[in-house]
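What follows is one structure encoded as structure tokens, with my remarks underneath.
The values are calculated or read from the model by the stated rules, or taken from the named source; none is laboratory data. Worth saying up front: this structure is predicted, and the values here are computed from it rather than measured. A quick note on method: Cβ atoms are made from the backbone with ideal geometry, for glycine too, and the neighbour counts reach across all protein chains shown.
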Amino acid sequence: MTFIDAVYPALAVTPGFIIPPHFRVWTLITGGFTEYRIWNVLIDIGVLVLCGQLLEPLWGALEFLKFVLILDVGTSLITSAVCVIAYIATFDTQMWFLQFSGMTGILGGMMVAFKQIKPEQELSLKPLGLRVKHIPSIVVLVYSILCILGILPIVLLVMALSGTLIGWVYLRFYQPRGKGVKGDLSDGFSFASFFPEAAQSPVNALSTIVFNILIRLKVCHKPVRTYDVGAPSAITISLPGMDPADAERRRQKALKALNERLQKLEQTTNWPSLDGPEGKDSEGPTSPLSAVDEMPEIVVDQGTTKRTEGVPNSSSVPT
């Protein structure tokens, strides 16, 4: 249907048409599922089905659908806001009537979800040593390079960044995780973890300042600790980021680290050979009794030994 001239403008997002008098608010939903080229449709369907197979069993169908809609609407709103700001700054009407669509933002948020559920899983590119936790950063980097080179329009980079940011914010602070806990506040899912290790310290300091400001504005909430003192067996403590899924990820990570250390230890340790050097195999181990027999005998002469000229001295006998 998007090949018809009148259909695509009615489904794609246009920043100037979202507000009155046009008020095309439905495009905030339809824009994310509208593609202009058939190969983009096939790629989007394949990736979305793959994401559903991995995430839907963990979250449930309703939570997965809600996550997709949040990514869709959030990406459309943020990208439209960026276009409006660019129009105000440059008075370029092309920014006001720019049409964009596609699942770029949704796919960016899905990569963040993969980072959360399987961060340490290695990719098939073993020489590079890449893991699933590196995928969101790689996606943003690839879009940045292609947009700078002019291969892709800059609006796709804005959509990718928007989807990645929205996915992280929702999973970090707002996703229900049971027992009244929301979000995943584990250290491995912090904002600084999206950057290289050399830049994580300054990014962490900056993100902490922003987070404290958002707490004062009541946009985010502090980490919550709940204590169930009415548990029949013992006190149950629920901490953010410590639900069963997080515990399973930590267990898998610990087992993998233990296996790697054991493999390194087996490679570096030289075990003694069971076959001794030649000429010593027949001797066998030395018993404690034989060791005692080999010790020199000490005779203490408590008396006086009488010597005679020309007669050799005999063994000393105590008198």
statement: In segment 46-82, anything surrounded by 16 or more Cβ atoms within 10 Å (Cβ to Cβ) and charged (D, E, K, R) is listed as Asp72
- request: Inspect segment 118-131 for any residue being closer than 19 Å to Leu48 by Cα and assigned to a helix (DSSP H, G or I) and give the result as yes or no.
  value: no
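Identify the residue in segment 107-144 that is of a type in the set (Gly, Ala, Ser) and modelled with pLDDT of 85 or more and, among all such residues, is nearest to the chain's Cα centre (by Cα).
Step one: of segment 107-144, the residues of a type in the set (Gly, Ala, Ser) are 108-109, 113, 124, 129, 137, 144.
Remaining after also requiring modelled with pLDDT of 85 or more: 108-109, 113, 137, 144.
On the way: Gly108: 15, Gly109: 14, Ala113: 10, Ser137: 11, Ser144: 22 Å.
Applying the filter and picking the extreme gives Ala113.
For the subset of segment 166-175 comprising residues that are touching a helix residue (DSSP H, G or I) at 6+ places or on another chain (Cβ under 8 Å) and part of a helix (DSSP H, G or I), which member is farthest from Leu185 (Cα to Cα)?
Filtering segment 166-175 down to residues touching a helix residue (DSSP H, G or I) at 6+ places or on another chain (Cβ under 8 Å) leaves 166-168, 170-172, 175.
Then keep just the ones that are part of a helix (DSSP H, G or I); that gives 166-168, 170-172.
Values: Ile166: 16, Gly167: 14, Trp168: 11, Tyr170: 11, Leu171: 9, Arg172: 6 Å.
The extreme case among them is Ile166.
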- prompt: Looking at segment 39-88, which of its residues are among the small types (Gly, Ala, Ser) and within 13 Å of Gly102 (Cβ to Cβ)?
  reply: Ser76
- request: Would you confirm whether any residue within segment 142-149 is more than 27 Å from Ala254 (Cβ to Cβ), crowded, with 19+ Cβ neighbours inside 10 Å and of a type outside the set (Asp, Glu)?
  value: yes
- prompt: Considering segment 83-101 alone, what residues qualify as being surrounded by fewer than 18 Cβ atoms within 10 Å (Cβ to Cβ) and either in contact with a Phe, Trp or Tyr (Cβ under 7 Å, 6 or more places away or on another chain) or assigned to a helix (DSSP H, G or I) (or both)?
  reply: Val84, Ile85, Ile88, Ala89, Thr90, Thr93, Gln94, Trp96
field: Single unsatisfied condition, Gly109 versus (1) farther than 25 Å from Phe189 by Cβ; (2) small (Gly, Ala, Ser); (3) touching a Leu at 6+ places or on another chain (Cβ under 6 Å)
entry: (1)
- prompt: Of all residues in segment 53-95, which are out of contact with any Pro (no Cβ under 6 Å at 6 or more places or on another chain), touching a residue at least 60 places away in the same chain (Cβ under 8 Å) and β-branched (Val, Ile, Thr)?
  reply: Ile70, Thr75, Ile78, Thr79, Val82
- request: Starting from residues that are closer than 22 Å to Leu65 by Cα and among the aromatic types (Phe, Trp, Tyr), keep the ones in segment 18-45 and report whichever is surrounded by the most Cβ atoms within 10 Å (Cβ to Cβ).
  value: Phe33
- prompt: Has segment 164-182 got any residue that is among the hydroxyl-bearing types (Ser, Thr, Tyr) and either buried (at least 17 other Cβ atoms within 10 Å of the Cβ) or in contact (Cβ under 8 Å) with a residue 12 or more places away in the chain (or both)?
  reply: yes
